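The values are calculated or read from the model by the stated rules, or taken from the named source; none is laboratory data. Values in this document were obtained by computation on a predicted structure and should not be read as measured data. Here the Cβ positions follow ideal geometry from the backbone for every residue, glycine too, while neighbour counts run over all protein chains shown. The area values use the complete protein model at the heavy-atom level, side chains included, leaving out ligands, DNA and RNA. Shrake-Rupley method; radii C 1.70, N 1.55, O 1.52, S 1.80 Å.
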Amino acid sequence: MFPKSDRSVRHSATELGPVYFLTATVNSWNKLLSEDRYKDEIIASLRLLSERGKIQVFAFVIMPNHIHLIWRLLERNGKESPQGSMLKFTAHRFKQMLLDEHGADALIPYDIKRHNKAYEFWQRDSLAVILISKPVALQKLNYIHNNLLTERWQVAANAAEYKYSSAHYYQTGIDNFGFLHNLHDEFLGMFPEA
């Protein structure tokens, strides 16, 4: 089912079935996600897609200008991929929130004036890496939970205390979001012992 190599395979698009490490970045690295209400829209989208059986979320962190996820896409959401639905839904919400709170000038950093859309909140071609081995999956899991502690970001002093991360779930077993699946349990059926 998966390649026998330990090397990760980078994609810009995801397919149904494999477990991916995904990074989606806000356009021009704007720190739109610094405010919790924008993070809450991402959580709402992940929860809805999970409840509808479209995705399984194993881990995540929401940073000021990007998100990291370990997830599996289970089935299409109508005509769209679940990834496309999440990015589209959050972009529409971000646009409406910025307009309501700050007016049209707040949209200028996201203005692209293309023939099919005027604004773009997420950079095109998100980084997607298939997790094809247990060591690679654990490395990505640790990366997600420790990213917010790095000198560059300093988003939190303790990963488990940061509200917009799955670190608390992995330390306590308590799923405050209602949609997390344990990546360690996934190893039993998916990855060979390392």
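I'd like the orientation of helix 134-147 relative to the chain: the angle between its Cα long axis and the longest Cα principal axis, in ° from 0 to 90, rounded to 10.
Result, in degrees: 40.
Could you compute Rg(Cα) / (2.2 N^0.38 Å) for region 92-149, with N its residue count?
1.69
Out of 119, 177, 138, whose Cα points farthest toward the positive end of the dipole of the chain (charges: +1 Lys, Arg; -1 Asp, Glu; placed on Cβ)?
Towards the positive end, the residue furthest out is 119.
If you place +1 on the Cβ of every Lys and Arg and -1 on the Cβ of every Asp and Glu, how big does the dipole about the Cα centre of the chain come out, in debye to the nearest 20?
Dipole size: approximately 560 debye.
Just to be sure I understand, if you calculate Cα extents along the principal axes in Å for this structure, which of (i) 54, 39, 29; (ii) 59, 52, 44; (iii) 92, 34, 30 do you get?
Answer by label: (i).
Could you compute the FRET efficiency for residue 113 and residue 74, with r as their C-beta to C-beta distance and R0 at 35 Å, rounded to 0.05?
0.50
Out of residues 5 or more away from residue 66 or on other chains, whose amide H comes under 5 Å of its own, with H placed 1.01 Å from N in the peptide plane?
So residue 66 has HN proximity to 26.
Using the Kirkwood radius over C-alpha pairs as Rh, can you work out the diffusion coefficient of region 16-85 via Stokes-Einstein at 20 °C, viscosity 1.002 mPa s, in µm² per second? All intermediate terms of the calculation are to be shown ahead of the outcome.
On the way: Rh = 12.5 Å.
My calculation gives 171 µm²/s for D.
Could you give the accessible area per residue of region 22-69, probe 1.4 Å, as a whole number in Å²?
32
Would you give the gap between the C-alpha center of region 106-144 and the C-alpha center of region 151-173, rounded to a whole Å?
Here the two parts' Cα centres lie 21 Å apart.
Rounded to whole Hz and in sequence order, give me ³J(HN,Hα) for region 40-48 from the Karplus expression 6.51 cos²θ - 1.76 cosθ + 1.60, θ = phi - 60°, writing x for Gly and Pro.
Result, rounded to whole Hz: 4, 5, 5, 4, 4, 5, 4, 4, 4.
State, as an integer percentage, the relative contact order of region 71-194 based on alpha-carbon contacts under 8 Å between residues 6 or more apart.
Relative contact order, region 71-194: 13 percent.
For a paramagnetic label modelled at 7 Å from the Cα of residue 158 toward its Cβ, which residues of region 165-180 fall within the zone defined by backbone nitrogen distances under 16 Å?
Answer for region 165-180: 165-174.
How large a share of the accessible area of the chain, in percent, is made up of carbon and sulfur atoms when the probe is 1.4 Å and the other protein chains stay in place?
Ligands and nucleic acids excluded, carbon and sulfur reach 48 percent.
Pop out the ³J(HN,Hα) list for region 86-99 in order, Karplus 6.51 cos²θ - 1.76 cosθ + 1.60 with θ = phi - 60°, rounded to Hz; leave Gly and Pro as x.
These are the phi-based 3J(HN,Hα) values: 5, 5, 5, 4, 5, 4, 4, 5, 4, 4, 5, 5, 4, 4 Hz.
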